[in-house]
Amino acid sequence: MSTNEDINAFSESDNDGPDIREMLFKYLRFWKWFVFSTVFFMLLGFIYLKLTTPQYKIETDLLIKDNKGGLGGSSDLLKDLDLFSSNKIIDNEVQILKSKTIVTKVIQSLKLETSYYATEGVRKRELYGNLPFNVELLKAPADIDNSNKLSIRLLNTNEAEVNSKKALLNYPVQTDEGLILVTLNPSWKGPFNQLFDIKFNSLAGLVERYSQNLKIDPVSKQATVLTISIEDAIPQRGMDFLNEIIKEYNNAAIEDKNGVTSNTLFFINGRLKVIEQGLGKVEENVAQYKSHNRIANIGTQSQILLQGIGDNDTQLNKVLVQLSVLQNLEDYLHKNNDQPSALPSMFGIDDPTLLGLVTQLGEAQLKKLALLQTIPETNPIVSSYTDQITALKQAISKSVQNLKKGLQVTKQQLQTKNNQFEGVVKQVPSQERGLLDVMRQQHLQDTLFMYLLQKREETEMKLASVVADSRTIDKAWSSLNPVKPVKQLIYLLFFIAGIAVPAGVIYLKDLLNFKISRRQDIERITKAPLIAEISHSTEGGELLVSNRPRSMVAEQVRALRTNLQFIIPNESQKVLLFTSGISGEGKSFISLNLGASLAMSGKKVVILELDLRKPKLHAGLGIDNKAGLSNYLIGKVSCKEILTQIPQQNNYFIITSGPIPPNPAELLVNGQIPKLLEELKQDFDYIILDAPPVGLVTDAQILGQYADATMFIVRHDYTPKNQIHLIDNLYKNGKFPHLNIIMNSIDAKKGYGYGYGGYGYGYGYGYGYGGGGGYYIEDSPKKHSVFSKLFAKRKKR
């Protein structure tokens, strides 16, 4: 194995696997920004909590009663399907409770369309209850803007200031927000002159918001107890809202139950009005007949006859009423109307079978309508109710037909009996017979009137006795502490944001960084050995190893000098070529200081300024460049004439570039370079060739054939990563002998890695350095304030 392969293998073995320390250091070196960001975001979290209106949770429990009666076969069907735990369909009741109809009634009942605000510090607090006045929007403009607010100040018990204009209380006031009415709260005793902001909310918007905010959940799958909750900034308003929701829900349930009964009561009241009018006329006719014929009363036999006729007529009227009710029921069945509210009254019908069937029909229709609010009509459950309704209608129709036949027979019997009475009446004297006729009508109307009064009382008692199928277990109650915002959660989220923001910025910056920032960027692409890492320096001049021999950079150059024995171990190998990919990577600085280090070790060294296009060495050293390599290559001067000793540096010489020629590449291939190198080898231990960058011109590749080893310079946070592919290509194709990489100007503040490949290693001296930020005795650290360190500008060499 070659020497370069030994060094490369050592580097690979030391860098196997992900470098956790390097990853941590990439972020930890910005710890000040993490601290600043965390403190800043925690402060934002504190401000957020101060400005956010706290929300309280209000709850109540509602028991849906389990009716054991119900729909007979339908209940068995649903029980077999195990779809519901009771006859009440809980999901339907939840939808009814959250329905926009009920929510709208609650909002209007509590007058939530108008919001009241009072300013407390920097935050406006919404008010509810115990207000000095009430504001009602009588007429809104067509282009009302819900974001506009009224400002009202109560001046006294008679006046208020509306948008800085005085207005009388209890009188309509025209404003930009519409026609309003301000009324004084009778219980308000002061203080006055407090400013309130009034906002008129959209009813549709309020209904939508409250419907979404309302949460209804059963306590368990088998239970019929619902937990109803809502979150509100004002606990009392939330409690009033839930209590009113249950009240409106119960009222709606009672209205559904009383649908048929209400129709019966309406029918009775209508009949009573008609009979009352007829009864008054009949009584007037009786009085007039007695007065005209001077008859005080009728005989005993006529009274008995009248009583019999009246009883027979009463029974006949009952039969006629029942036939009329049955006819209405038949019409309802033929119309295929499934609305429970349209079900006709069963007034006067005493048949328990028919009454039971009609009751079941009404309940089945109610439950079907409730189901259709949540599931489509094609659902099998709805279809089962449809089939049951159809079967009930068929059974009712048959029962009606049978009952009508019986009533028709009874009607004929009663009419026959009436005819018999008519024959008996003809035998009565004419004046008494006339009185008997009018009194018969009076008795008939009176009997029917009393019967209807009795039925009305029974119906009203039935209405009064109806209760809802629910019971409030607990009145609405509020949590003692706000449930939103949760302080611990908010602070945790803002803390995470304080860590995530700088971490994300660092990650994106690293992701978008196309420059070499650590040795892994090199080793990931090429197998060319990285033999030295030179730190960034801002002082010491061009010959830093001479001016500051105890500095970190000087020690790293000496380490490079030591590694040369592994790269060119033979004494005959004396020529070192220094090049780079682009200009500005520091190849001249490294070559010059390595030569100085070799000279300080007792070796005789010469450096050739072969960058004939942009020479820099002579200017940095302050050496005259009137004659140099360009003159030698055209045969104008000899080697000894252009050889110059570097000032204040023993054993160290330089051959400057000379005047810039128009054809540098042609001069380098004219055959004079090999002669020059052979001549210099006689007198010098090392010959350093400072060549132009490879990526720009071909000069370095021309000179590569004369070198024993090549040093390719890359610069930390300067050299593009794609330049490493060029190095790898040169290394694999062997275009340069013993190609090695030197990383220059490594700045620890920019996060170069730890361990072997950063500056984490130390030398065998008592004043070693480490971690990329150590110092020698001459490099005593300067103390800086936190802010100067945080905002200090990094200088670049």
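For region 555-577, the tally of residues that are within 17 Å of residue 601 (Cα to Cα), open to solvent by 20 Å² or more (accessible area, probe 1.4 Å) and part of a loop (DSSP other than H, G, I, E, B) stands at 3.
Listed by position, the helices (runs of 4 or more DSSP H) inside region 594-683 whose residues that are farther than 30 Å from residue 551 by Cβ number at least 3 are 629-633, 639-642, 664-668, 672-681. Annotation: residue 265 fulfils all but one of (1) without any contact (Cβ under 8 Å) to a residue 24 or more places away in the chain; (2) more than 18 Å from residue 57 (Cβ to Cβ); the unmet one is (1).
Tell me, which strands (runs of 3 or more DSSP E) lie completely within region 164-231 with 2 or more residues that are more than 16 Å from residue 97 (Cα to Cα) and free of Cβ contacts under 8 Å to residues at least 12 places away in the same chain?
On the way: elements: 165-168, 172-175, 178-184, 195-200, 215-218.
By residue number, 165-168, 172-175.
So, in region 718-738, of the ones that are open to solvent by 60 Å² or more (accessible area, probe 1.4 Å) and outside any loop (DSSP other than H, G, I, E, B), which residue ends up nearest to residue 582 (Cα to Cα)? Filtering first and then ranking leaves 725.
This table checks each residue for (1) of a type outside the set (Asp, Glu); (2) open to solvent by less than 10 Å² (accessible area, probe 1.4 Å); (3) within 60 Å of the chain's Cα centre (by Cα); (4) under 30 Å from residue 662 (Cβ atoms).
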site	(1), (2), (3), (4)
579	yes, yes, yes, yes
583	yes, no, yes, yes
609	no, yes, no, yes
615	yes, no, no, yes
631	yes, no, no, yes
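Filtered by the rule that a residue be open to solvent by 20 Å² or more (accessible area, probe 1.4 Å) and assigned to a loop (DSSP other than H, G, I, E, B), region 346-359 gives 346, 350, 351. Only one of these is surrounded by fewer than 16 Cβ atoms within 10 Å (Cβ to Cβ), over 60 Å from the mean Cα position of the chain (by Cα) and modelled with pLDDT of 80 or more: 413, 420, 427. Name it. Of 413, 420, 427, the one residue that is surrounded by fewer than 16 Cβ atoms within 10 Å (Cβ to Cβ), over 60 Å from the mean Cα position of the chain (by Cα) and modelled with pLDDT of 80 or more is 413. Total residues in region 207-230 satisfying the condition of being of a type in the set (A, V, I, L, M, F, W, C) and either modelled with pLDDT of 90 or more or open to solvent by less than 20 Å² (accessible area, probe 1.4 Å) (or both): the figure is 6. The requirement of being hydroxyl-bearing (Ser, Thr, Tyr), under 16 Å from residue 611 (Cβ atoms) and in contact with a strand residue (DSSP E or B) (Cβ under 7 Å, 6 or more places away or on another chain) is fulfilled somewhere in region 709-718, by at least one residue. Within the set 592, 543, 621, the sole residue that is of a type outside the set (S, T, N, Q) and open to solvent by less than 10 Å² (accessible area, probe 1.4 Å) turns out to be 592. Somewhere in region 397-404, is a residue modelled with pLDDT under 85 and more than 30 Å from residue 51 (Cβ to Cβ)? Looking through region 397-404, at least one residue is modelled with pLDDT under 85 and more than 30 Å from residue 51 (Cβ to Cβ). The set of residues in region 381-409 that are open to solvent by less than 70 Å² (accessible area, probe 1.4 Å) and closer than 22 Å to residue 92 by Cβ comprises 381, 382, 383, 384, 385, 386, 388, 389, 390, 392. Within region 360-392, being in contact (Cβ under 8 Å) with a residue 24 or more places away in the chain and either outside any helix (DSSP H, G or I) or more than 49 Å from the chain's Cα centre (by Cα) (or both) holds for 373, 374, 392. Selection of first residues in region 587-611 that are on the phi > 0 side of the Ramachandran plot and of second residues that are at pLDDT below 95, restricted to Cβ pairs under 8 Å at least 6 apart or on distinct chains, gives the following pairs, ordered by first then second residue: 602/651. Of all residues in region 47-66, those satisfying the criterion of being of a type in the set (Ser, Thr, Tyr) and surrounded by fewer than 18 Cβ atoms within 10 Å (Cβ to Cβ) are 48, 52, 53. For region 671-687, the criterion of a residue being at pLDDT below 90 and in contact with an Asp or Glu (Cβ under 9 Å, 6 or more places away or on another chain) is satisfied by no position.
In region 703-717, the residue that is nearest to the chain's Cα centre (by Cα) out of those that are farther than 15 Å from residue 520 by Cα and surrounded by 18 or more Cβ atoms within 10 Å (Cβ to Cβ) is 713. The set of residues in region 675-700 being without any contact (Cβ under 8 Å) to a residue 12 or more places away in the chain and either in contact with a helix residue (DSSP H, G or I) (Cβ under 6 Å, 6 or more places away or on another chain) or open to solvent by less than 10 Å² (accessible area, probe 1.4 Å) (or both) is empty. Across region 275-294, the qualifying residues are those that are loosely packed, with under 12 Cβ neighbours inside 10 Å and either among the β-branched types (Val, Ile, Thr) or within 30 Å of residue 463 (Cβ to Cβ) (or both), and the one among them that is modelled with the highest pLDDT is 277.
Pick from region 489-540 the residues that are open to solvent by 30 Å² or more (accessible area, probe 1.4 Å) and hydroxyl-bearing (Ser, Thr, Tyr): which of them is farthest from the chain's Cα centre (by Cα)? My answer is 538. From the list 182, 135, pick out the single residue that is within 39 Å of the chain's Cα centre (by Cα), of a type outside the set (Gly, Ala, Ser), at pLDDT 90 or above and closer than 24 Å to residue 237 by Cβ. Selected residue: 135, the only one of 182, 135 that is within 39 Å of the chain's Cα centre (by Cα), of a type outside the set (Gly, Ala, Ser), at pLDDT 90 or above and closer than 24 Å to residue 237 by Cβ.
When 23, 42 are checked against the criterion of being modelled with pLDDT of 85 or more and among the aliphatic types (A, V, I, L, M), 42 stands alone in meeting it.
The values are calculated or read from the model by the stated rules, or taken from the named source; none is laboratory data. Please read these numbers as outputs of a predicted model, since none were measured by experiment. We place every Cβ from the backbone using ideal geometry, glycine too, and count neighbours over all the protein chains shown. Ligands, DNA and RNA are stripped out before the accessible areas are found, and what is left, the full protein with its side chains, is counted by its heavy atoms. Shrake-Rupley method; radii C 1.70, N 1.55, O 1.52, S 1.80 Å.
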